[in-house]
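Report on one structure; see the data block that follows.
Since every read-out is calculated from the coordinates, none of them should be taken as a lab result. Note that this is a predicted model, so its numbers are computed, not measured. Cβ atoms come from the backbone with ideal geometry, glycine included; neighbour counts cover every protein chain shown.
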């Protein structure tokens with residue numbers, strides 16, 4: 001079941017495609033993901049890099065489709081300004097779900113195409129996603145940005161997203177929108193694991209370890225397969241409003257990395 005769900009999600013992440021049920025019947029409900037590189041689906045040339053949206057189908061029953069529209073480098077502003085939100089709203093149906101997770105690139109004050117102020121324009125743009133989904137009788141869920149791998153010299157972790165998570169929490173309360181506090185959940189996980197074990201979750205590889213990264217890589221923001229799976233577990237476990245959660249998968253502590261599949265190209269960029 002896990003492998004079937006992962007393959008279905010990989011197919012669905014080619015935006016605009018919908019995997020069929022057994023017998024050719026269309027899925028009853030679809031989960032759309034609007035987000036950035038931490039959630040995006042990656043290609044074979046990126047293995048083992050993966051995003052939590054790419055891994056989300058692992059924790060869903062096979063009849064639930066996932067359209068992972070998360071785009072590397074996107075903020076809540078640039079995703080909408082590039083027309084990516086419009087694509088979702090053109091495809092989303094009554095009863096579908098929209099997961100909205102931004103913050104990493106909204107913080108980039110040096111880039112006016114992406115930057116938003118946490119208590120003004122960030123919330124203004126997020127409201128476009130909420131209002132757009134509700135206008136289509138779909139169900140939006142806000143997901144605070146996943147925390148980066150940040151540790152002080154003494155091994156204690158620290159938060160890196162400033163006021164953006166608080167802003168999203170306040171917006172969720174003001175608009176009566178379900179919230180998955182992925183910032184808090186991931187920070188708690190990284191804190192429990194500590195500096196060295198978290199390298200197995202983030203994209204840390206030694207030189208020569210993987211042909212896609214011959215010089216090695218030390219990336220404290222993006223995930224390898226194991227990390228993407230475990231962050232997707234946090235999202236699905238906390239997302240009581242996410243349809244079709246697979247409780248057997250959620251309670252399985254040993255899901256292997258090879259349940260994930262990578263398409264030939266990054267679907268959100270192709």
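Checked against the criterion of being surrounded by fewer than 22 Cβ atoms within 10 Å (Cβ to Cβ), within 30 Å of residue 117 (Cβ to Cβ), touching a helix residue (DSSP H, G or I) at 6+ places or on another chain (Cβ under 8 Å) and in contact (Cβ under 8 Å) with a residue 60 or more places away in the chain, segment 61-79 contains one or more residues that satisfy it.
Residues considered: 236, 249, 170. Of these, the only one that is closer than 30 Å to residue 124 by Cβ, out of contact with any strand residue (DSSP E or B) (no Cβ under 6 Å at 6 or more places or on another chain) and assigned to a helix (DSSP H, G or I) is 170. For segment 174-202, residues that are at negative phi and out of contact with any helix residue (DSSP H, G or I) (no Cβ under 8 Å at 6 or more places or on another chain) total 10. For segment 179-206, which positions are farther than 19 Å from residue 257 by Cα, in contact with a strand residue (DSSP E or B) (Cβ under 9 Å, 6 or more places away or on another chain) and surrounded by fewer than 16 Cβ atoms within 10 Å (Cβ to Cβ)? Within segment 179-206, 191, 194 qualify.
Being closer than 21 Å to residue 102 by Cβ and either touching a helix residue (DSSP H, G or I) at 6+ places or on another chain (Cβ under 6 Å) or surrounded by fewer than 16 Cβ atoms within 10 Å (Cβ to Cβ) (or both) is a description that applies to residue 167. Looking only at segment 105-133, count how many residues are touching a strand residue (DSSP E or B) at 6+ places or on another chain (Cβ under 7 Å) and under 15 Å from residue 70 (Cα atoms). Here the count works out to 2. Which numbered condition trips up residue 143, out of (1) in contact with a helix residue (DSSP H, G or I) (Cβ under 7 Å, 6 or more places away or on another chain); (2) more than 25 Å from residue 93 (Cα to Cα)? Among (1) in contact with a helix residue (DSSP H, G or I) (Cβ under 7 Å, 6 or more places away or on another chain); (2) more than 25 Å from residue 93 (Cα to Cα), the lone unmet condition for residue 143 is (2). Among the residues making up segment 67-85, those that are in contact with a strand residue (DSSP E or B) (Cβ under 7 Å, 6 or more places away or on another chain) and under 14 Å from residue 143 (Cβ atoms) are 68, 69, 70, 79.
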